Amino acid sequence: MVCFEQAKRATSHDPCRAGDRSPRGAVLAGTDVSVTLRVEEFARWAVGSAVALVGERVNGSSEFSWTEMPLWPCEVGYTSNLGLKCTPQVAFYVFRLDLTDGSAAYYVPRADGRGTIGELVADEVDGCWTERGWAFSEERLEERPSEGFCLMEMSPGFQVTVYNGDFKAPDWMSGAVMYQVFPDRFARSSPTARPEGLEYHRKMNRTVRLHRDWDEPVAWQPLDETSDDPREAYFDPVDFFGGTLEGIRGKLDYLASLGVEVVYLNPVFEARSNHRYDTADYEHIDPLLGSDEDFRRLAEDAGKRGIRIVLDLVLSHTGNDSRYFNADRIYDQLGAAQGCDSPYYSWYDFENGSGEAPYRCWWGDPTLPEVNECDATWQHYVLGEGGIVERWLAAGAQGYRLDVADEIPDDVLERIRTCVKGANPDAAIIGEVWEDATTKESYGVPRTYALGSALDSVMNYPLRSALLGFAVGTLDAHQLLMLLLVQKSNYPPQMYERLMNLLSSHDVERLRSALVFGRPLRHMTREEQLELTSGTTAAQDAEAAQLQKMIATFLYALPGMPCVYYGDECGLMGGGDPFCRATMPFSASEREKRPDCGADLTAFYQNIGMLRKGSRALRRGSFAGAAPHDDVICAIRVDREEGVAVIAAANRADKPLTVAFDASSAEVGLPAEDRAALKGVTACAPMLFSASAEALPAARCEDGIICVAAPPCSAAYWRLPLGGEEQRSAALQ
C-alpha cells in the first residue's frame, strides 16, 4: 500500500478549478473537453500509467459504454482530451491509475461530499468498478449524509453536460423574484365563495365543503369512514375557502412590495378538488376562482406592475369526472368512459389497468386517468393551432410549470417547447423535477430535460434539501458548497441562471416547521404531522424564524429565481399536504388568533426582495462560493458593469465567527476577469443588508482576500466597490 498512500497524498483533480478541466462547466455540443490529473512530482514514481475512463450512454439508454482515453504526461501530472460525441448528452469520467506495485486505483468524486475535488480510492478496498462507474462500499457511503435533509445521490464520476447550441431561455427569468400561490387559499374577493361557482359545481353533482371562516384549519380526515362510496372512505380534498383570481388581483401591490416579478399559480382550470390537479376542463377557469375574463384582467394588471403570471399545466392525467373522461356522465357529451365512440377515447389506455381501475391511472389513483401524450388527437387539442397551450398564452400567461414532467415523454416535451416558443418565444417552461434534472432517469430512461430541447428551468429541490440541511446541522458548509458548485458546473448556464430556487411548496412541509423539527415531515401520517406541529413552542418558533431569515438571505444571494411560497413570509407552519396549504393570514389580527402562525417576517422579505430586485450583482453577477469554516458559507456575486461585488455570509453557529477567504483564487471559480478585478482591490465593504439586529463591522478586502465578521445564526451582505478610487466612490454612494 506504500504506492497507493504516496499517490493518494499527491493526486488531485477538481473539475471546478481552473487548469483541471477546460472548458469548465456545461459545454456546447461539439466542444473539445480536456482534463488534467495533477500528480505532485515527489510521488510520480508510484504511478506506472494512467487513463481516463469516459462513460457515455448507449443509444439513449440507462447503460454506459466506457472508453479508455490515454493520459499523457504534462508539467503538473497527466492530461487528455475526453473525445466526447458531438451530441447533447450527459457524460462522466474518472481516472484509473495502474500503480508500480501492480495494484489499481481510481480517482473519483469524494464520498463525503465535502468538496468538488475528488479522491484516490483503492479498488476492492474503498469500493469497486462497475458497469455504471465507480461504486463506493457501504462503509464509505456512511460518510455521506443520507437521512433527512441531505445531498443528492453519488455520481458515477465527474460529470460533463453537453447541451444543444440552440438553447435559449427568457432573459426576464434570470434572477427574478418568484412567488407561488395556491389559489383557493390566498385571498378572497368577497366575504365568502363565489356563489356562481358553488352553484355550478353542485349542479354538476360535485361535493363542495365550504369553510365559512377563512382562519379555520384545513380538512384532512375522511369524509365518512363508514361510507360505501370509496371517494368518502379516504381524505378527499373538496374543502374550499373561496380564494379567487380577483382576490389575487387585489393583492398585486402587496406582491410588488415583496419585489416579486413572477407569480406561479397552482392549477386554476375547472376541477372537482381544491388543488385542481384533476383537471375537468382545460378551456375554462374554475368558476369558484372566477371567470376567463378574471384571468385576463389579473394578467394585465400584474403586467402593469412588472409581474408575470406562470400557470400550472397538468398534462399527464385528467380527472375521471372531466369532460374528456366523464366517468359519472356529468357532461352532456361522450367521454372516454362511455366507449370508443368518444372523440377522447384514444387519449386513455383501457388495455393496461391500474389497481382496481380498468384503465391506466396516475400512481393507481382511479380519479386520475393517465393520458397518452403521444396520441395525435390529444396533441392537436393541447398543442395544435389555437390549442390549450396557445389559448392561455394569448390570454396573458407568460409561461407554464409542467406538473410531473417525469410522466411526459421527452419527445412530447420537445413538442410542448416548440408550441410554447412558437406562440411566445419569451414564455417560460418550468418542469416539476425533484432530482438533479441533468441526471434524472424515469422508467429506466435518462431524461433530456436540461439539454436545451425541453425545459427552461426546474424546481430546485436538491438546493432546498441542502440549504435546510445546513441550517439544521445535517450538512456542513463544505457539503453545501459542493452542491452549489456542482449545480453551477452541471447545468447549462441558460438553465442554471433560471433555476426555481424554493424553500417550501404545496408538496412539502412548510419551511418554518421543517426548521423547527429539523427533518422532513411529509412522509409521516397526517395524524403524526398534526400532533407534532401543533406542539410547536414560542421558543422553537423564534429559533426557526431566525434560521429562516438566515437561509432566505443566503438564497437571495444565489443565481436563479428565489421563490417564496405564499405564507412563508407570515410564519405559516405545517407538515405536508394538506397542512402546507392553509389560508394566507395577511393581517396581524389574523396571525394572532391562528395557532399555525409563528413570527411574522413580512418586512424582512419586503426588504430583501426589493434589494434583490434592484441589484444587478445579485440578479446577474457571476457567482462563486467559499466555505471558510464548517459553520459559515459564503457567496460572491460580481458585476463589473455595476462596479460592485456583493459578499454574502451565512453563519449557523450560535456565536459570531470571523472568517477569511481568497476570492481571487482560481479555486473559488470566478471568471478570470472578475478575479483580476478583486485582486486589485484594497477597500472596506460597507454592510448592505443583515438578517441580524446586530450592528456589523465592514468587511475588508486586500488583494482579493476578503475578511468578514459573520453574525451568529444569521446572514448578511457586504457591498465591495471595484476599480479605482473614482469608481469605488461612485459605488459607495
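No value in this document is a laboratory result; all are computed from the given coordinates. Bear in mind the structure is a predicted one, so any value in this text is a computation, not a measurement. Glycine gets a Cβ as well: all are built from the backbone with ideal geometry, and neighbour counts include every protein chain shown.
Values computed for the structure shown
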quantity: Inter-part distance where segment 640-716 and segment 610-624 are each reduced to a Cα centre, Å; calculated: 15 Å
quantity: Cα gyration tensor, segment 139-270 - rounded (a/c under 1.5), prolate or oblate; calculated: oblate
quantity: For the chain, the spread of Cα positions along each principal axis, largest first, Å; calculated: 83, 60, 47
quantity: Packing-based exposure ordering (other Cβ within 10 Å, fewest first) of E63, E351; calculated: E351, E63
quantity: Cα centroid separation, segment 553-598 to segment 185-202 (Å); calculated: 23 Å
quantity: Inter-centroid distance (Cα atoms) of segment 12-74 relative to segment 371-449, Å; calculated: 35 Å
quantity: Spherically averaged projected area of segment 619-732 from its Cα convex hull (nm²); calculated: 6.3 nm²
quantity: Sorted by Cβ neighbour density within 10 Å, fewest at the top, the residues D406, D236; calculated: D406, D236
quantity: Helical contribution to [θ] at 222 nm, DSSP H n ≥ 4, -39,500 (n - 2.57), averaged over the chain, rounded to 500; calculated: -7000 deg cm²/dmol
quantity: Beta bridges by DSSP in segment 2-163, antiparallel share as percent, to the nearest 5; calculated: 95 percent
quantity: Cα gyration tensor, segment 136-181 - rounded (a/c under 1.5), prolate or oblate; calculated: oblate
quantity: Subset of K203/K251; K549/K613; K168/K440 violating a 23 Å alpha-carbon distance limit; calculated: K203/K251
quantity: Alpha-carbon spread of segment 525-604, three principal axes, descending order, Å; calculated: 38, 30, 24
quantity: FRET efficiency, A653 to E702 (Cβ-Cβ, R0 35 Å, nearest 0.05); calculated: 0.90
quantity: Convex hull volume of segment 43-170 per residue (C-alpha atoms, cubic angstrom); calculated: 163 Å³
quantity: Burial ordering of L402, L521, fewest other beta-carbon atoms within 10 Å first; calculated: L521, L402
quantity: Ellipsoid semi-axes in whole angstrom, largest first, where each is sqrt(5λ) of the Cα gyration tensor of segment 358-498; calculated: 31, 19, 13
quantity: Cα-based shape type of segment 29-97, given that a ≥ b ≥ c are square roots of the gyration tensor eigenvalues and the cut on a/c is 1.5; calculated: prolate
